[in-house]
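Below is one structure, written out as structure tokens, with a few remarks after it.
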Amino acid sequence: MPFALSPERERKLQEILERYPTKMAVTLPLLHLCQEQAGYVSDEIVEFVSKRLDLSPAHVKGVVTFYTLYNQHPVGKHQVWVCRTLPCALRGAYEVIEHCEKRLGIKCGETTADGKITLRTAECLASCGTAPMMQVDRDYHENLTRERVDQILARLQGG
Ligand code: FES
């Protein structure tokens with residue numbers, strides 16, 4: 001069955017289309033809506049977006065591959081992004097990454113076997129003053145310590 005937005009997301013899309021000056025400008029928000037629903041942007045979704053916005057599939061695919069926030073493959077229920085840029089690196093980001101990898105039994109870029117957590121690194125997430133930090137789904141966790149990381153991951157593993 002071809003991809004279709006849920007009725008609620010279809011309503012959101014209509015609101016967005018009315019607010020934006022061109023259909024092309026709706027590419028990013030529509031991709032977000034699709035990813036919210038499906039978890040990642042499949043080729044089927046690229047096709048859907050290109051048809052809805054009168055764009056070529058190559059243009060939409062180019063957008064998806066340019067922005068790291070779009071998942072090109074299935075991912076875990078929760079996304080953990082550990083910032084590794086210099087301010088975070090100077091304050092222990094690589095220890096945080098190593099600790100996450102050990103605790104979860106995966107490397108960055110991988111998903112736990114139970115499908116709960118995908119671990120990734122990120123470039124500066126604009127929270128350098130509270131380094132080291134990570135983003136879990138939509139929430140920031142700052143001034144990380146090993147204990148704090150354990151608490152966060154335990155919550156995700158339990159949920
Ligand atoms: S360097 Fe990590 S938030 Fe800026």
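The values are calculated or read from the model by the stated rules, or taken from the named source; none is laboratory data. If you're wondering where the values come from, they're calculated on a predicted model, not measured in any experiment. Ideal geometry is used to build each Cβ from the backbone, glycine not excepted, and the neighbour counts take in all protein chains shown.
Condition check for Tyr67 on (1) modelled with pLDDT of 95 or more; (2) exposed (fewer than 15 other Cβ atoms within 10 Å of the Cβ): one failure, at (1). Tell me the residue from Arg146, Arg138, Arg52, Arg155 that is surrounded by fewer than 15 Cβ atoms within 10 Å (Cβ to Cβ) and within 28 Å of Leu17 (Cα to Cα), please. Answer to the selection: Arg138.
Contact map, segment 111-133: residues that are farther than 20 Å from Tyr67 by Cα and within 6 Å of the ligand (Cβ to nearest atom) paired with residues that are modelled with pLDDT under 95 and part of a strand (DSSP E or B), Cβ distance under 7 Å, separation 6+ or inter-chain. No pairs are found.
This table checks each residue for (1) within 28 Å of Leu33 (Cα to Cα); (2) under 12 Å from the mean Cα position of the chain (by Cα); (3) acidic (Asp, Glu).
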site: Val63; (1), (2), (3): yes, no, no
site: Tyr70; (1), (2), (3): yes, yes, no
site: Cys83; (1), (2), (3): yes, no, no
site: Gly105; (1), (2), (3): no, no, no
site: Thr121; (1), (2), (3): yes, yes, no
site: Leu125; (1), (2), (3): yes, no, no
site: Cys128; (1), (2), (3): no, no, no
site: His141; (1), (2), (3): yes, no, no
site: Leu144; (1), (2), (3): no, no, no
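Which is under 19 Å from the mean Cα position of the chain (by Cα) and either modelled with pLDDT under 95 or outside the structural domain of Ala131 (by TED's automatic domain parsing) (or both), of Lys51, Lys77?
Working: Lys51 fails: under 19 Å from the mean Cα position of the chain (by Cα).
Testing whether each residue is under 19 Å from the mean Cα position of the chain (by Cα) and either modelled with pLDDT under 95 or outside the structural domain of Ala131 (by TED's automatic domain parsing) (or both) leaves just Lys77.
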